[in-house]
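J.: Okay, here's the structure, questions in a sec.
What follows is calculated from the coordinates using simple rules that are stated; it is not laboratory data. Predicted model only: the values in this text are computed from it and were never measured. Counting neighbours? That spans all protein chains shown, and the Cβs are built from the backbone with ideal geometry, glycine included.
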Amino acid sequence: MCGIVGYIGKKNATPIIIEGIKRLEYRGYDSSGIAIIDDDNNLKIFKEAGKIIELERSLPSPDESFGNIGIAHTRWATHGEPSKTNAHPHSSCNNTIALVHNGIIENYKNLRSKLEMEDHVFKSETDTEILAHLIEKFLTIENDLTRAVQCALKLVEGTFGVAVISKDHPGKLVAARKGSPLILGIGKNEFFITSDIAAIIIHTKKVIYLEDNEIITITNDDFQLTNLQNESIEANISIVDWDVSSINKGEYKHFMLKEIFEQPTSINNAFRGRLHERLSTVRLGGLNMTGEELRRVKMLQIIACGTSWHAALIGKYLIEGLARIPVEVEYASEYRYRNPIIPEDTIVFVISQSGETADTLAGLREAQAKGARVLGITNTIGSTIARESDGGVYIHAGVEIGVASTKAFTSQVTILTLIAVLLGRMKDLQPTFGKSFIKELYDIPKKVEEILAKNDEIREIAKSIKDSNNALYLGRGANYPVALEGALKLKEISYIHAEGYPAAEMKHGPIALIDENMPVIAIAPDDAIYDKIISNLQEVKARNGRIITIATEGDEKIKQISESVIYIPKTIRTLQPLLTVIPLQLLAYHVADLRGLDVDQPRNLAKSVTVE
Ligand code: G6P
């Protein structure tokens, strides 16, 4: 949510920063802006509402926007509408400071009225602007940019990733973090500051992840890390092992499509090295728990948001089914405020692709405050959730840029499947089950490829439903959360209203919606409850509903009730969700693309929601 990029070095900062901020557009894209200090020491700020292309168009010639130091921001509005005035960078009364900010200043109203009483004049409706004014105020006392930023941040309640430049302190960029990620990139005679590695990976893989309440002061040839009390802190340099090609679309029209097609590899990366063939079980060393400790677990609670929450719900079906351990799944936003009961011997899992979702992070902290052991399942190495968890598992899906999550979902489900088998093998699951599970899991990437090969066929089906106003997704067992995920994908990117339901629940309300215009997408693989779901579909058919089914290869019978069938290869029930979701992702993608929508950056959404 929102993106920050800054540069200080010897090159022209503008194209580097604009290129970087474009890479972060998936995090927020309702307005953007850039501030540069030019060679004549003028502070120039350019801002525009809309996508970054609008900002780019509005920039003067390279000569006029030339400077070796600058900061930029792409915004997802929280306080104040998305407009040119509310876009970052923000400045102070004397226009000497430019500042970009991710996060929320919770006490901004209070601070703003105090500053207004001191004759500060505000231009925007944002919470961010108060920071620029506070820094301006403290600069009159301290005349040191770092000290002024420290003094200002001490007064602030809330979260921030912030970067500041000042024309009165040229050749210096100061950045700080609390709650919102911030990373220093170390290049050759140049430095970068960013909220997300994707912005700078083409320049450097050498980084420092700032911790909460750390401030970095960067000059042309050096940097210094301090805390709010101005005490020096030793910096830990990390090397990012990202493949640069992951941030390009390659041959694909959209990142989402590319990421859907990456799933044979990303699923494989999630389980690679984690299967213990000799003992027919799973090993997950990152959990930081001994076998003895795991055996003592009596309950799991899983908290997450959005797509990650759907993965959690699948985890519940799998873990309860295989390990016979009760699992509670809850939206992080609810969990954090309802004073949850965490019984003894409960482990809390938090699932988050980004590792930065504000509600999930708050849930993690709440569970830790209650003394629970919290384990993270995340994609983002070094993210706040990864760092604050007591242990966990990286899903290794690779960077996911499409706002609608796809490959992260199947990787999360893969990890939850591994956890279910690990815990199950410690209880009643036989080695024979473990053995056949491992064999079937090895085959999943190939089976996903077989489904992806039906891409054209699925696009044809998408054409038949692209003008619908509503859609219903039905599934049972672990395929019920898959139905929820299918519906979420469709509504996120195509803006068609869609609902997911347990198939049998349809007759308690949603059946009233069914008519000849309503597509019903049903997940009906060949398993123990196949006959039950067919009965549910007969009820749809009897009311002239249009049925699109996801069924197992060889199921000819289902054609009688279906307008279209998308066949998936057979697998064991435990692994079905990894296959059944793939056609639903493709279906949503093609519907949105056929409707001419911006698939990778759907309206109003953001990839990483770092505010409540
Ligand atoms: C946002 C994204 C979703 C994502 C959710 C949770 O709403 O648009 O795609 O599922 O946040 O994100 P997380 O990074 O915690 O998995």
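J.: Considering the dipole of the chain built from charges on the beta carbon (Lys and Arg +1, Asp and Glu -1) around the Cα centre, which of Leu300, Ser564, Ala323 is farthest to its positive end?
T.: Highest projection toward the positive end goes to Ala323.
J.: In this model, which of Lys298/Lys407; Lys446/Lys466; Lys51/Lys249 are farther than 22 Å apart at the alpha-carbon?
T.: Numbers: Lys298/Lys407 31 Å; Lys446/Lys466 29 Å; Lys51/Lys249 18 Å.
Checking Cα-Cα distances, Lys298/Lys407; Lys446/Lys466 exceed 22 Å.
J.: Taking the Cα centre of the chain as the origin, how large is its charge dipole in debye, to the nearest 20, when only Lys and Arg (+1) and Asp and Glu (-1) carry charge on their Cβ atoms?
T.: Dipole magnitude for the chain comes out near 1400 debye.
J.: Let me ask another. Mind ranking 251-261, 137-147, 355-365, 507-517 by how tightly packed they are, going by the mean number of other C-beta atoms within 10 angstrom, highest first? Walk me through the numbers on the way to the answer.
T.: Values: 251-261: 20.8, 137-147: 16.7, 355-365: 24.9, 507-517: 13.4.
Ranking the peptides 251-261, 137-147, 355-365, 507-517 by packing returns 355-365, 251-261, 137-147, 507-517.
J.: Find how much the distance from Leu597 to Asn288 grows on full extension, using 0.36 nm per residue of separation minus their present alpha carbon separation; answer in nm with one decimal.
T.: On the way: separation 309, 0.36 × 309 = 111.24 nm, distance 4.41 nm.
Extra length available between Leu597 and Asn288 comes to 106.8 nm.
J.: Can you pick out the pairs among Lys109/Lys489; Lys123/Lys154; Lys178/Lys205 whose Cα atoms lie more than 32 Å from each other? All intermediate terms of the calculation are to be shown ahead of the outcome.
T.: Details: Lys109/Lys489 37 Å; Lys123/Lys154 23 Å; Lys178/Lys205 23 Å.
The pairs that break the limit, which is 32 Å between Cα atoms, are Lys109/Lys489.
J.: At what distance in nm do the modelled label points of Lys109 and Asp222 sit from each other, each positioned 7 Å from its Cα along Cα→Cβ?
T.: That separation, rounded to one decimal, is 4.5 nm.
J.: Next question. Post the alpha-carbon centroid distance, segment 337-380 to segment 219-243, in whole angstrom.
T.: 28
J.: Once each part is reduced to its C-alpha centroid, what is the distance from segment 477-494 to segment 78-138 in angstrom?
T.: Their Cα centres are 40 Å away from one another.
J.: Using +1 on the beta carbon of Lys and Arg, -1 on that of Asp and Glu, and nothing else charged, what's the dipole of segment 454-612 about the Cα centre, debye to 20? It would help to have the intermediate numbers written out before the result.
T.: Numbers: 19 positive and 22 negative charges, 21 e Å.
Here segment 454-612 has a charge dipole of around 100 debye.
J.: To continue, here is another question. Given the -39500 (n - 2.57) contribution per DSSP H run of 4+ residues, what per-residue ellipticity at 222 nm results for the chain, rounded to the nearest 500 deg cm²/dmol?
T.: Value at 222 nm, helices only, nearest 500: -10500 deg cm²/dmol.
J.: Further question on the same structure: Name the long-range amide H neighbours of Ile550: under 5 Å, sequence gap of 5 or more, or other chain; modelled H, no Pro or chain starts.
T.: Distant-sequence amide H within range of Ile550: Ala522, Ile523, Ala524, Ile566.
J.: For Lys206, list the aspartates and glutamates whose Cα falls under 12 Å from its own Cα; do not include residues on the same chain fewer than 8 positions away.
T.: Once the sequence-local aspartates and glutamates are set aside, what remains near Lys206 is Glu190, Asp241.
J.: With a length cut of 15 Å (Cα positions projected on each helix's long axis) and a Kyte-Doolittle mean of at least -1.0, go through the chain and give me the DSSP H helices that pass.
T.: Membrane-span-like by this criterion, though nothing is claimed about a membrane: 13-23, 129-142, 306-323, 358-369, 407-426, 431-452, 455-465, 479-494, 530-541, 576-594.
J.: Using a 10 Å cut-off on Cβ atoms, rank the peptides 208-215, 429-436, 347-354 from the highest mean neighbour count down. Working shown, then result.
T.: Values: 208-215: 19.9, 429-436: 14.9, 347-354: 29.5.
Result, highest mean first: 347-354, 208-215, 429-436.
J.: Is segment 175-259 best put as rounded, prolate or oblate by its Cα gyration tensor, with a ≥ b ≥ c the root eigenvalues, rounded for a/c under 1.5, and otherwise prolate when a/b is larger than b/c, oblate when not?
T.: Details: a/c = 3.11, a/b = 2.04, b/c = 1.52.
Since a/c reaches 1.5 and a/b is larger than b/c, the shape of segment 175-259 is classed as prolate.
J.: Take each of the peptides 187-199, 592-604, 290-302, average the number of other beta-carbon atoms within 10 Å over its residues, and list them starting from the highest.
T.: Working: 187-199: 22.6, 592-604: 17.2, 290-302: 15.2.
My ranking of the peptides, most packed first, is 187-199, 592-604, 290-302.
J.: On to the next question. Run the simple label-point estimate for Glu440 and Ser464 please: 7 Å along Cα→C-beta, distance reported in nm.
T.: So the label points at Glu440 and Ser464 sit 2.9 nm apart.
J.: On full extension of the chain, what length is gained from Arg272 through Glu556, given 0.36 nm per residue of separation minus the C-alpha to C-alpha distance?
T.: In short, 98.7 nm is gained.
J.: Turning to a different aspect of this structure: Can you list the lysines whose alpha carbon sits under 16 Å from that of Lys172, skipping same-chain ones fewer than 8 residues off?
T.: Hits, sequence-local ones excluded: Lys10, Lys11, Lys44.
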